[in-house]
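Down below is the structure, laid out as structure tokens.
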Amino acid sequence: MDQKQYIVAIEIGSSKVVGAAAQVNDSRITVNHYEEEMHSNCVNYGWVQNVENIKSCINRILRRLENALDGDITHIYVGRSGRTLHSESSEVNRSIDASTAITSATIESIKRDACRTSLKRYETIEVVPRAFYVDKSLITDNNPVGHYGSSIKVKLNLIVANSSMLLNLDRVVKGFNSKPIVTALAMGNHVLSTEEKRKGCMLVDMGAETTTVSIYKNGMLVYLNTLPLGGRNLTLDIANSIPGVLEETAENVKKNINNPLEVPHTDSVVIEGVNSRDAANYISARVGEIIANINKQLEYAGVTASEMSCIVLAGGAAQLKGIAKMLEENTKIATHKATLPANIYLNNALANAHKDINVQLMAIIAEACQVMDKMDSCVKFREIVDIDIHGPRIQQEPVEKEPEEKPEKSKKKKKPSMWETLQNKFSNILTNPDDDDDDDEY
């Protein structure tokens, strides 16, 4: 049977694991199935703590996807993210043959050399070029392939993470035949537009416990960092500051305040025993701290707010009412919410579900579509075999009938005449003269 090309991807978050299966048709990717598994205290700031519980979450998601697809999942793509994920600047200088044009193989070789850079406690998982110089001249289109020169210099960003964090991620996906994708890079490639990256922009992904900031300039990534701050900090502030309030209650209160970041305009109502205006004060203060830390990343990246055309806001914590407006007011940079990658479509059932589809997961799917072989698929569909419940029919060979023998017609004996009868009797007398019985009989 014809095999359809499918991508299966998993994203591990601080509060839930999400997975999806999408069908690829040329450049169009349609997400047909989406699954979630909530968890508690299994991931700390994006760092997996309880490996077996998260592995079980992934396993349940994959089983449900297999049942929905009626096929077997052969491999998956898994997003990499977490508290220690960040970029480190690096530079490679190399002499080259001036008579030969620079090729993509030259660039890949330079990236491999950079990947060997030794960093204490960190492991390099990706190398992203930032700028190219041929014979000390900047390549303005960021593509040195085809240029000639005697030397090349490449400024790079090494995307690194704590070795122990990566080890736990590897333990989680062991046995699933997985391929890793850096979530922040996938989002930069597929959520941000080429124009936004060229003009300069900041991608802010606010999760439950971490906020990842990626900064682009002149079309290239110049900085990436993960902050240990997220939406759960707001919830814990309410729970820890108001006696007797559990985290689950505080989370519900946070989601149901009409203006959590505009305290003077917040309705003073009681939600599950908590005054909404009191809760809004805690939320507003903590969001102000998170935004201050986001703004500080511009300084660390060596760029100014005036060099940024926009901020693109994504993540579960970014759904808080008024947060985009507050971020824009504090940074003086135009801010808007992230949308799904341009080539990602949801089937009718998901599109009509009115639920927040994980943008990070969709970016992983879009990136997987670029890196996977066009003849590859994450799903092997089961072949349908027709079975006759009565069993196979055996056609019997025709048996040739032997020709029936015609019975011979019995000849009717001719009744002897009177003269023949007397003759026979007379002959018997002559033949058996001593037979008294016969004499007496006659």
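The values are calculated or read from the model by the stated rules, or taken from the named source; none is laboratory data. Please read all numbers here as calculations on a predicted model, not as lab measurements. Counting neighbours? That spans all protein chains shown, and the Cβs are built from the backbone with ideal geometry, glycine included. Heads up: the accessible areas ignore ligands, DNA and RNA and are worked out on the full protein's heavy atoms, side chains in. Shrake-Rupley method; radii C 1.70, N 1.55, O 1.52, S 1.80 Å.
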Quiz item: Which pairs do you get when a residue that is within 18 Å of residue 359 (Cβ to Cβ) and open to solvent by 10 Å² or more (accessible area, probe 1.4 Å), found in segment 312-332, comes within reach of a residue that is assigned to a loop (DSSP other than H, G, I, E, B) and among the acidic types (Asp, Glu), reach meaning Cβ atoms under 8 angstrom, with the pair 6+ apart or on two chains?
Solution: 316/356; 319/356
Exercise. Please work out if residue 208 is under 26 Å from residue 78 (Cβ atoms) and modelled with pLDDT under 95.
Key: yes
Quiz item: Looking only at segment 357-406, which residues are over 30 Å from residue 204 (Cα atoms), surrounded by 10 or more Cβ atoms within 10 Å (Cβ to Cβ) and either aliphatic (A, V, I, L, M) or at pLDDT below 55 (or both)?
Solution: 379
Quiz item: Scanning for something farther than 19 Å from residue 15 by Cβ, outside any helix (DSSP H, G or I) and either in contact (Cβ under 8 Å) with a residue 60 or more places away in the chain or open to solvent by 30 Å² or more (accessible area, probe 1.4 Å) (or both), does segment 279-302 turn up at least one residue?
Solution: yes
Exercise. Give just the number: which of (1) at pLDDT 95 or above; (2) surrounded by 13 or more Cβ atoms within 10 Å (Cβ to Cβ) does residue 350 not satisfy?
Key: (1)
Exercise. Of the numbered conditions (1) surrounded by fewer than 21 Cβ atoms within 10 Å (Cβ to Cβ); (2) in contact with a Phe, Trp or Tyr (Cβ under 9 Å, 6 or more places away or on another chain), residue 194 fails exactly one; give the number of that condition.
Key: (2)
Exercise. Considering only segment 101-134, state which residues are of a type outside the set (A, V, I, L, M, F, W, C), in a loop (DSSP other than H, G, I, E, B) and within 22 Å of residue 219 (Cβ to Cβ).
Key: 103
Quiz item: Of all residues in segment 310-332 being small (Gly, Ala, Ser) and not in a loop (DSSP other than H, G, I, E, B), which is nearest to residue 295 (Cα to Cα)?
Solution: 324
Quiz item: Within segment 15-32, is even one residue under 12 Å from the mean Cα position of the chain (by Cα), under 27 Å from residue 370 (Cα atoms), open to solvent by less than 20 Å² (accessible area, probe 1.4 Å) and not aliphatic (A, V, I, L, M)?
Solution: yes
Exercise. Those residues that are open to solvent by 40 Å² or more (accessible area, probe 1.4 Å) and not in a loop (DSSP other than H, G, I, E, B), I need them from segment 268-278; list them, please.
Key: 270, 275, 277, 278
Practice problem: Could you identify the single residue in 229, 234, 221 that is among the aliphatic types (A, V, I, L, M), assigned to a loop (DSSP other than H, G, I, E, B) and within 28 Å of residue 187 (Cβ to Cβ)? | Solution: 229
Self-check item: Counted residues, segment 40-84 - those being over 16 Å from residue 23 (Cα atoms), open to solvent by 20 Å² or more (accessible area, probe 1.4 Å) and assigned to a helix (DSSP H, G or I)
Solution: 9
Quiz item: Would segment 225-237 turn up any residue that is among the β-branched types (Val, Ile, Thr) and open to solvent by 20 Å² or more (accessible area, probe 1.4 Å)?
Solution: no
Practice problem: Output the helices (runs of 4 or more DSSP H) that fall wholly within segment 140-207 and possess 1 or more residues being in contact with a strand residue (DSSP E or B) (Cβ under 9 Å, 6 or more places away or on another chain) and under 30 Å from residue 377 (Cβ atoms), or say none. | Solution: 163-173, 183-190
Self-check item: Selection count where residues are free of Cβ contacts under 8 Å to residues at least 60 places away in the same chain, closer than 18 Å to residue 74 by Cβ and not in a loop (DSSP other than H, G, I, E, B), scope segment 1-32
Solution: 1
Quiz item: Which one of 238, 215 is at pLDDT 95 or above and farther than 30 Å from residue 155 by Cα?
Solution: 238
Quiz item: Is it fair to say residue 35 is surrounded by 15 or more Cβ atoms within 10 Å (Cβ to Cβ), of a type in the set (Asp, Glu) and farther than 30 Å from residue 144 by Cβ?
Solution: yes
